[in-house]
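Peer 1: The following block contains the structure, expressed as structure tokens.
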Amino acid sequence: MSLMSDRPGEPAYFANLNPPQRQAVETLDGPVLVLAGAGTGKTRVLTTRLAHILMTGRAYPSQVLAVTFTNKAAREMRDRLERLIGADSEGMWLGTFHAIAARILRRNAEAVGLKSNFTILDTDDQIRLIKQLLAAEGIDDKRSPARAVLATIERWKDRGLTPDKVDGEDAGDLAEGRMQALYRQYQDRLRVLNATDFGDLLLHNLTIFTSQPAILAEYQRKFRYLLVDEYQDTNVAQYLWLRLLAQAHRNICCVGDDDQSIYGWRGAEVGNILRFEADFPGAVIIRLEQNYRSTPEILAAAGHLIAHNAGRLGKTLWTAGAAGERVRAKGMWDGEEEARWVADEIETEQRRGTRLSEIAILVRASFQMREFEERFITTGIPYRVIGGPRFYERQEIRDALAYLRLIYQPDDDLAFERIVNTPRRGIGNATMQILHQLGRATGVSLMEASRRVIETDELKPAARKAVALLVRDFERWRRESDRILHTELAQIVLDESGYTAMWQADKTPEAPGRLENLKELIVGMAEFETLAGFLEHVSLVMDNAADTSGDLVSLMTLHAAKGLEFGHVFLPGWEEGLFPHQRAMDESGQAGLEEERRLAYVGLTRAKLRANVSYAANRRIHGQWQSSLPSRFVEELPQDQIEAESATGMYGMRAPQGRGAFDDIATSSFGGYRRTVHPPGGGPREGREIRAVGGFAAGDRVFHQKFGTGTVREVEEAKLTIDFDHAGEKRVMDSFVQKA
């Protein structure tokens, strides 16, 4: 039922707005910040506000600027607007930041030394251009990969910095300390080509606006009203661009949620939304807090969690909907058991009539997907990966598999072609052409052709040496495969081939995830007795992965889930170091931790009916079992409002009720006693012994099998904060350390 009563003569678009939503629509004069919590109808508010501006004659369509982050959001907003006003929105400046900036730049290209028909380079063209510059400067592109150079330039552009404003030391020793000069050459070369990249679109706009006051004044007069979607995701350049355009009329309305700012790793600045009132004195702040998506229990859990963040403007989501089930927080022995539990729960929901498309699994890191994919294929649960390829379809996994296929089957020409110059070895197209000619003429594989050609003078000396090294590497690895474990072989191949080093040197945001996926690949191989068995399994997996249509479970990262909603959501891997991710905390400290907490909040608020958090006491990393602590985010959930259950009894949560699979596990709080855990099943869990020794105090010197020797800094029940001599500060269970 609508919260608004019918009013004679009132526009129909007001009918379904609640009071705060209506206030956000009708407050047209001056700066307005709409804090739109998850599921509170922000798109409805944005489109209705646009309709109200046009229908009341406050502005013509050409005098309104509405900015989104994606083309999809822009299309949805335009479609909704046209349905509301009963006419097309032709003439309105509605689009993404880049689309609007490109439109402005086309009209004023001469002001930055370009022609109006400039081209916009894609990533491949940018990489090619940077490689040319590196070669001209004599800079080793193995030590300073073109992608890393490009990532640094893009970071500077996101911050609105032209070459004369950057601090060259900010890039460290990348490009031999000559990044500032390289950035300047890159921009000069773009001008010669009459080209820009995507970062230039906003950067050139800023240059025009700050150097050409008349042009800025023209656009300030033109845009009487500005509307901005997802303001919490703006970077510095976007922020500066908006501020400049809004200075005349000051009729800027920004809609966003500081609690959902999760893209700091790609330049987003949550501080932009936090300082809105300081940037626009007299601004009206409107909070949309009525949630139309989730149950009261889910909102309570998410709200209690996010309240631990200091850097937020604050709001409390509520719903008029009926009560639902409590959020479940379930602790398990290991990741394999976690995947089994999730699959069993999904099958149970399916038997109850729940559509698989209403179920999602949201992981912090892409490598977590492998265990779930393996389990789904085993049990026949159809699924799709959203926002990226399936595990075995990822570039780095395909590359690694190509190396292993070529060891097992030397005549696999497709595998040979994939990795022959990955990483770069100086084996180019000319060399490959000779190998193909020889292979066809003699009826042999490319590997055999390589073995033969290195005994002749067909190749130039440098190419012949590179091919010879590759052939000898594979011969050595093939001999090794007869005497060592296939998991050990895979690690040796990735290291000795330079493949791991290639991604370690890559400074793009995706590189760490690729390295994690390679580690997870080796973990997955350990489940098979031989390399042949593993490769056959992968072939079957890839064959089963062909059909992605129909009713499917959704599997994705938490970052990819923003803006989506599902009836049932599973949130696995809530463990310290994984979530919150250790790298985020190491690189950004408290700011990184708070962004991780916002990511947890986003995950919880994707659920409409039921949210399930899970964590494991053990995970296998590099083939070795390592203990894990439950995430601090688990502890930050409201304990009196969630259904908490720990199968291992390790985490201070209540044990499962009744007798069942874990009926022999002790589950009292930690103290100075010893207990033995005997979970069901075999493998490393069988007969495992956990000691809870207690008695530690700040200042004690202790030893941990993984992290070595350290000093206890803080004791919190069974959890110790320890400053390890070499590993730094970590939180660990007291049962895994002993006094030194």
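Peer 1: Please give the Cα centre distance for region 579-648 versus region 270-343, rounded to the nearest Å.
Peer 2: If we compute the Cα centre of each part, the gap is 14 Å.
Peer 1: Same structure, new question: Among DSSP beta bridges whose residues both lie in the chain, state the antiparallel percentage, nearest 5.
Peer 2: In the chain, approximately 35 percent of DSSP beta bridges are antiparallel ones.
Peer 1: Follow-up. Distance between Cα centroids, region 450-470 to region 148-185: provide it in whole Å.
Peer 2: 39
Peer 1: Highest first, please rank the peptides 72-81, 155-164 by the mean number of other Cβ atoms sitting within 10 Å of their residues.
Peer 2: The packing order, highest mean first, is 155-164, 72-81.
Peer 1: Here is a follow-up. Just the number please: accessible area per residue for the chain, 1.4 Å probe, all protein chains included, in Å².
Peer 2: Numbers: 32250 Å² over 740 residues.
For the chain, the per-residue accessible area is 44 Å².
Peer 1: Oh, and also: On a full-extension model of 0.36 nm per residue, what is the gain between ALA532 and ASP344, subtracting their alpha-carbon distance, rounded to one decimal in nm? Don't skip to the answer; put the middle values down first.
Peer 2: On the way: separation 188, 0.36 × 188 = 67.68 nm, distance 2.96 nm.
Extra length available between ALA532 and ASP344 comes to 64.7 nm.
Peer 1: Long-range amide H contacts for ALA644: which residues qualify at under 5 Å (H placed 1.01 Å from N, peptide plane, sequence gap of 5 or more or a different chain)?
Peer 2: ALA329
Peer 1: Rounded to the nearest 500, what is the 222 nm mean residue ellipticity of the chain from helices alone, with -39500 (n - 2.57) per DSSP H run of 4+ residues and division by all residues? Don't jump to the answer; show the numbers that get you there.
Peer 2: Numbers: 27 runs with 312 residues, N = 740.
Using -39500 (n - 2.57) per qualifying helix, the result is -13000 deg cm²/dmol.
Peer 1: So how strong a dipole does the chain carry about its Cα centre when Lys and Arg Cβ are +1 and Asp and Glu Cβ are -1, to the nearest 20 debye?
Peer 2: Using only the charged Cβ atoms, the result is roughly 1400 debye.
Peer 1: Below 8 Å between Cα atoms, with a sequence gap of 6+, how large is the relative contact order for the chain in percent?
Peer 2: RCO, the chain: 14 percent.
Peer 1: For a distance above 45 Å, tell me the whole-number percent of Cα pairs in the chain that qualify.
Peer 2: Tail of the P(r) past 45 Å holds 33 percent of the pairs.
Peer 1: As a test of reading the structure, rank ARG352, ARG328, ARG370, ARG266 by solvent-accessible area (1.4 Å probe, protein chains only), most first.
Peer 2: Output order, biggest surface exposure first: ARG352, ARG266, ARG328, ARG370.
Peer 1: Could I ask something else about it? Which ³J(HN,Hα) values in Hz, rounded to whole numbers, follow from the phi angles of region 410-415 under the Karplus curve 6.51 cos²θ - 1.76 cosθ + 1.60, where θ = phi - 60° and Gly and Pro get x?
Peer 2: 3J(HN,Hα) across region 410-415, in whole Hz: x, 8, 7, 5, 5, 5.
Peer 1: I need the fraction of alpha carbon pairs in region 217-305 separated by more than 14 Å, rounded to a whole percent.
Peer 2: Of all Cα-Cα distances in region 217-305, 70 percent exceed 14 Å.
Peer 1: If you don't mind, another one. Taking amide H positions as placed 1.01 Å from N in the peptide plane, with prolines and chain starts having none, which residues 5 or more places from VAL553, or on another chain, fall under 5 Å of its amide H?
Peer 2: TYR383, ARG384
The values are calculated or read from the model by the stated rules, or taken from the named source; none is laboratory data. Just so it is clear, the model here is predicted, and its values are computed rather than measured. Please note: Cβ atoms are built from the backbone with ideal geometry, for glycine as well, and neighbour counts cover all protein chains shown. Remember, those area values only see protein heavy atoms, side chains included, never the ligands or the DNA or RNA. Shrake-Rupley method; radii C 1.70, N 1.55, O 1.52, S 1.80 Å.
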